[in-house]
Amino acid sequence: MALPTPQTQRFLLNKLHGRSTSKNTHRNSFANTSRSRCCSAIAIDAPSSFTEVPGIRWGSIALQGLREEMEDDVIVRNDALHGFSFAAVFDGHGGYSSVQFLRSLQNSSFPIANHRDELYKECLEALQGGLLLVEKDFRAIEGALQEAFVKADMRLLKWLEMKGEEEQSGATATAIFIGDDKMLISHIGDSSVVLSRSGKAEVLTSPHRPYGSNKTSLEEIKRIREAGGWIVNGRICGDIAVSRAFGDIRFKTKKNEMLQKGVQEGRWSAKFISRVQLNNDLVVAYPDISQVALGSDAEFIVLASDGLWDYMSSSEAVSLVRDQLRKHGNIQLACEALAQAALDRRTHDNVSIAIADLGRTDWQNLPQQRQNVILEMVQALATIGIVSIGIWFSSQLSL
């Protein structure tokens, strides 16, 4: 039995990160293998029997990493969506409050049995309990999910204003809805969704950041400037490095207060803000919605926070998960191995991961990929050839 490394155990057992609990007994798809646990970082809220979406197996994990505070979270739900399962990764900043709100229904008038995750609840209602997902009207689905995210943000902002001490609190969120032949993605922030198709990684989201030269970043920079904001060193008003998020009340309903506080703290002058005209929110919770077809070549989906992707490429992540599944077929162990790889690379952020094995691949009998070996041989021969030509050319010059 492969025990967690001491580093992993320290993070898993850190009481600052007590939200990860196991509600499932994860069984290896190769029936003769099992694994007991002395500690766990599994954060699965799905029932133990995945009857709604047959074939899909989930693994998930949330690690604090080297951060002083745990601000991430991950959920998986497999009920009440007409054959679709739901997963989301939340990446908080400025504390855990915004993630806490999105992960729990705050209306105490609801019976305990009806308490659901706030964002999930809003999506469930907007999608008419999942009925919209089974229809082919993408525009209706897109509008419903955009409405759900914006509504959840409005409720969060009111809650943060009531608390009065959470102006720095915010959270990105990326949610996926997986059905038999398609997946819907609703995305704000800098987490990412990666699909493995026959071992090839497809990145399905773009980070919402106020820097960079890609199309999404340029659009975000333009939106912020048109709203009257400015960007310093890749940060909105020199403050935050993500441009779409829940919460962050100072960039939404308390923008003027943010400007005045900046004067008091010496970050800018009163003369400077006299020329600033903020005519719209600088950070928004308006999600990008996309739909992806899942054919027979779709193997698994990795949804993770930037604590993973800032230290590992999508291709590396897909290769690692595939290698793990070939060895034992256990998606939870593969998920934990991926998180451990991020820790081994000294990630400085929280790491939250959810992986869905779509159940279409016979991992035990999957042949080893040979294209990487062939590529390495070609590269080696090319290097030898270049060196040989260089030596020959040098010898000719010396004649």
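The values are calculated or read from the model by the stated rules, or taken from the named source; none is laboratory data. Owing to the predicted nature of the structure, the values given are computational and were not obtained by experimental measurement. Using ideal geometry, Cβ is built from the backbone for each residue, glycine included, and neighbour counts are taken over all protein chains shown. Ligands, DNA and RNA are stripped out before the accessible areas are found, and what is left, the full protein with its side chains, is counted by its heavy atoms. Shrake-Rupley method; radii C 1.70, N 1.55, O 1.52, S 1.80 Å.
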Failed item in (1) of a type outside the set (Lys, Arg); (2) in a helix (DSSP H, G or I); (3) touching an Asp or Glu at 6+ places or on another chain (Cβ under 9 Å), with VAL263 passing the rest: (3)
Return the total of residues in the stretch 323-352 being assigned to a helix (DSSP H, G or I) and open to solvent by 10 Å² or more (accessible area, probe 1.4 Å). 11
Selection within the stretch 231-286 - open to solvent by less than 60 Å² (accessible area, probe 1.4 Å), among the charged types (D, E, K, R) and under 21 Å from the mean Cα position of the chain (by Cα): ARG244, ASP248
With the structure loaded, tell me whether ILE224 is crowded, with 22+ Cβ neighbours inside 10 Å and over 22 Å from LEU303 (Cα atoms) or whether it fails that test. yes
Would a scan of the stretch 57-66 turn up a residue that is within 17 Å of the chain's Cα centre (by Cα) and modelled with pLDDT under 90? yes
State whether one or more residues within the stretch 179-196 are closer than 30 Å to ARG326 by Cβ, open to solvent by 10 Å² or more (accessible area, probe 1.4 Å), in contact (Cβ under 8 Å) with a residue 40 or more places away in the chain and not in a loop (DSSP other than H, G, I, E, B). yes
Answer yes or no as to whether SER213 is in a loop (DSSP other than H, G, I, E, B) and among the small types (Gly, Ala, Ser). yes
If you check every pair at least six apart or on different chains, which have Cβ atoms under 8 Å apart with a residue in the stretch 355-367 that is touching a residue at least 40 places away in the same chain (Cβ under 8 Å) first and a residue that is exposed (fewer than 12 other Cβ atoms within 10 Å of the Cβ) and not hydrophobic (A, V, I, L, M, F, W, C) second? LEU358/GLY55; GLY359/PRO54; GLY359/GLY55; ARG360/GLY55; ARG360/SER296
When both residues are 6+ apart or on different chains and their Cβ atoms are under 9 Å apart, which pairs have a first residue that lies in the stretch 123-149 and is in contact (Cβ under 8 Å) with a residue 60 or more places away in the chain and of a type outside the set (Lys, Arg), and a second that is surrounded by fewer than 19 Cβ atoms within 10 Å (Cβ to Cβ) and part of a loop (DSSP other than H, G, I, E, B)? ILE141/GLU135; GLN146/TYR286; PHE149/TYR286
Flag if SER305 is of a type outside the set (Asp, Glu), within 21 Å of the chain's Cα centre (by Cα) and open to solvent by 40 Å² or more (accessible area, probe 1.4 Å): no
